[in-house]
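The values are calculated or read from the model by the stated rules, or taken from the named source; none is laboratory data. Bear in mind the structure is a predicted one, so any value in this text is a computation, not a measurement. As a convention, Cβ positions derive from the backbone with ideal geometry for all residues, glycine included, and neighbour counts pool all protein chains shown. What goes into the accessible areas is simple: the full protein's heavy atoms, side chains included, and nothing from ligands, DNA or RNA. Shrake-Rupley method; radii C 1.70, N 1.55, O 1.52, S 1.80 Å.
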Amino acid sequence: MTGHNWTRASVNWFKYSSPQTFFPLAAKLVPWFGAAAALLCVAGLYIGFFVAPTDAQQGEAYRIIFIHVPAAWMSMFIYVVMAFWAGAGLVFNTRLSGMMASALAPSGALMTFIALWTGALWGKPTWGTWWVWDARLTSELILLFLYFGFMALQAAIDNPRRADKAGAVLALTGVVNIPIIYFSVQWWNTLHQGASVSLKSAPSMAATMFAGMIVMALGFWMYSIAAALLRVRCIILEREHRSDWVAQHMGTLK
Amino acid sequence: MLEAANLECVRGDRRLFSGLGFSLSGGELLRVAGANGSGKTSLLRIVCGLLSPAEGEVRWRGSSIRSLREEYWKEIVYLGHSNAVKDELTAAENLTVACTLAGMKVDRGLVLAALHRFGLAECAALPSKALSQGQRRRVSLARLILSENLPLWILDEPFTALDAAAVDYVRTLIAQHVARGAAVVFTTHQEAEIVGTMSTLDLDTWAN
Amino acid sequence: MLTALRCVIYRDLLLAMRRRADVLTALLFFVIVVSLFPLGVGPEANLLRTIAPGVIWVAALLASMLSLTRMFSADHADGTLEQMLLSAAPLGAIVIAKVIAHWLVSGLPLVLIAPILALQFDLNQSLLWVLTLSLLIGTPVLSLIGAIGAALTLGLRGGGILLSLLVLPLYVPVLIIGAGTVDIASAGLSAQAHFLVLGAFLVVAAVFAPWAVAAALRISAE
């Protein structure tokens, strides 16, 4: 993010709440976020694979947490951000907010899927099984269903304005539910399994491990922003394809 | 009393109308005209608050209907394309439910009298699935008889499926209501000869 | 407002009575699904006793979901919903009335028949009561949450399948705590905490769901 863009945006923030003015701004921001994502991910992976010490109990297999944990963090964070944009669209009736929420959903689902996938990969050498009904894995699975529900609902509605608003109601319902789901799943888990297997048996964390995860999480964050901005540009073009400025824009591309 | 300012309506990819405005005071009758698909129903739905316009607002006695909500709906009757008549309920039950939802207090006597005036006396206790399209329309229109004190009627194609006598009767009802000092907005494909001052809003001139 | 509430409940019950077949199908579905499980997993009494609460709860979840699609769709199709949206009474109150009616018609029968089905699974008598009570508190929550999904998917392509995708993940806490009451009681512990949590779900859902449903219904009218 350049200071140049930031100051201009803060002068008249609402200027950029219109899809037409946001479209070129997003184009300028994407490379910056993309570059930051690449740098941070490379740095995070370097710390994770070469700097962080080998774990005494789990050996090298544990290193997958440098992808697993940041992806899990982002999966929840993106849902909250998505609900925020959706809610803002509902309250202020701004079109761009709804588009932003729709653009974030696939990134969130991707992060959730990565977290589940790497969780399974970690589970095999650590617990000897691909899947355990661990509280966090289970909540993560339900979160994936919530993302799918959001995307399926929006896909089923032809009218984009209704799709935005209906998605917003669903996202807000989901955001109220996520903590409830998480705690009930945790309760269920302790009731049925005791403490036999749990992610809590993860190694106590060294400072370098923590640093690696933070850097990776920042990298995933920047990636999500870049991906969402790219996606929102497509959504803007699709929704505004009848307007004059899109025609002009497409004209200059030819 | 009723004002619409700078209304714009977009359905799908089409902009039906934009910059549309009108105002209506008590004792006035407004006919919304236009070709099929010109947005007559959408305009009526915007005016009664079911649909929010892409731009502009509708005001009732000076305040936006979006902030008035129930205060506004308490004072209007909207009869849409669909009759809101349930197959499994009798004509009398349907009318009672419609009036109760609208916040009116009605008893069985009033409901039966209203149905009687619309020529539905024999059908009052029949399940509505036995009724013809025209009779269902009458059940839904019978609410107008019980809504004489409401200052705004919004009627979408009230004459559809009615026979000549019923059309005449509805015209009389509308004329009487306007004469009482209330406002009526309606659409119709048939030639409406309603006594009194009627203005026409032709949506084709607002289309773009 | 109370008049409208009473009127809508009365109307929906009347409609349900005149369309009894619909109500009975959902109930039969519940009975059949529960009865299929022993055929699938075998008649071993201990196993059946262990899975009974989960099976009955999941079947109740599915049965109450089946009837959700009907909650608003008939009113939507014949224009009654428009009149409800333009009602002089707050839409939230009408929504509460619709949910109460839905529960009385499709939730309460499940609660009443559940003890008989639980006998097939050889649950002992005290657990029978725990199960019934958990369903009594839990099924209204299902109706409330389900109403949000029903309102959101109103008039959409593939509404029924979409509805299950939206609603089932949100049912998870109710399922866990509801079935958990029986599990914990069968372990000889007090299920009081579970019941309190279930009650808290009911309160939270009763406060927030009508708002969300009302908003979703207004959106669906556009």
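Structure notes:
- Applying the criterion of at least 3 residues that are of a type in the set (Phe, Trp, Tyr) to the helices (runs of 4 or more DSSP H) found wholly in the stretch C:1-69 leaves C:20-41.
- Of the candidates A:Leu25, A:Leu40, A:Leu29, A:Leu96, the single residue that is in a helix (DSSP H, G or I), open to solvent by 40 Å² or more (accessible area, probe 1.4 Å) and of a type outside the set (S, T, N, Q) is A:Leu40.
Okay, residues lined up against (1) surrounded by fewer than 16 Cβ atoms within 10 Å (Cβ to Cβ); (2) facing chain C (nearest Cβ under 9 Å); (3) under 22 Å from C:Val172 (Cα atoms):
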{"site": "A:Trp117", "(1), (2), (3)": "yes, no, yes"}
{"site": "A:Thr126", "(1), (2), (3)": "no, no, no"}
{"site": "A:Val132", "(1), (2), (3)": "no, no, yes"}
{"site": "A:Gly149", "(1), (2), (3)": "no, yes, yes"}
{"site": "A:Ala171", "(1), (2), (3)": "no, no, yes"}
{"site": "A:Gln186", "(1), (2), (3)": "no, no, yes"}
{"site": "A:Asn189", "(1), (2), (3)": "no, no, yes"}
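- Taking the stretch B:94-109 as the range and being over 14 Å from B:Ile145 (Cα atoms) and within 7 Å of chain C (Cβ to nearest Cβ) as the test, the residues that pass are B:Val97, B:Thr100, B:Leu101, B:Gly103.
- C:Ala26 vs. criteria under 23 Å from the mean Cα position of the chain (by Cα) and modelled with pLDDT of 90 or more: no
- Residues of the stretch B:15-39 that turn out to be in a loop (DSSP other than H, G, I, E, B) and among the hydroxyl-bearing types (Ser, Thr, Tyr), as a count: 2
- The residues listed here are B:Ile154, B:Ile145, B:Ile174; of these, the one that is of a type in the set (A, V, I, L, M, F, W, C) and touching a Lys or Arg at 6+ places or on another chain (Cβ under 7 Å) is B:Ile145.
- In the stretch B:46-86, residue nearest to the chain's Cα centre (by Cα) [restricted to those that are facing another protein chain (nearest Cβ under 8 Å) and of a type in the set (D, E, K, R)]: B:Lys74
- Filter pass, C:Val174 being aliphatic (A, V, I, L, M) and more than 9 Å from chain A (Cβ to nearest Cβ): no
- Lone unmet requirement of (1) surrounded by 22 or more Cβ atoms within 10 Å (Cβ to Cβ); (2) more than 13 Å from the chain's Cα centre (by Cα) for B:Ala161: (1)
- Any hit, the stretch C:162-170, residues being under 12 Å from the mean Cα position of the chain (by Cα) and either touching a residue at least 24 places away in the same chain (Cβ under 8 Å) or away from chain A (no Cβ under 14 Å) (or both): yes
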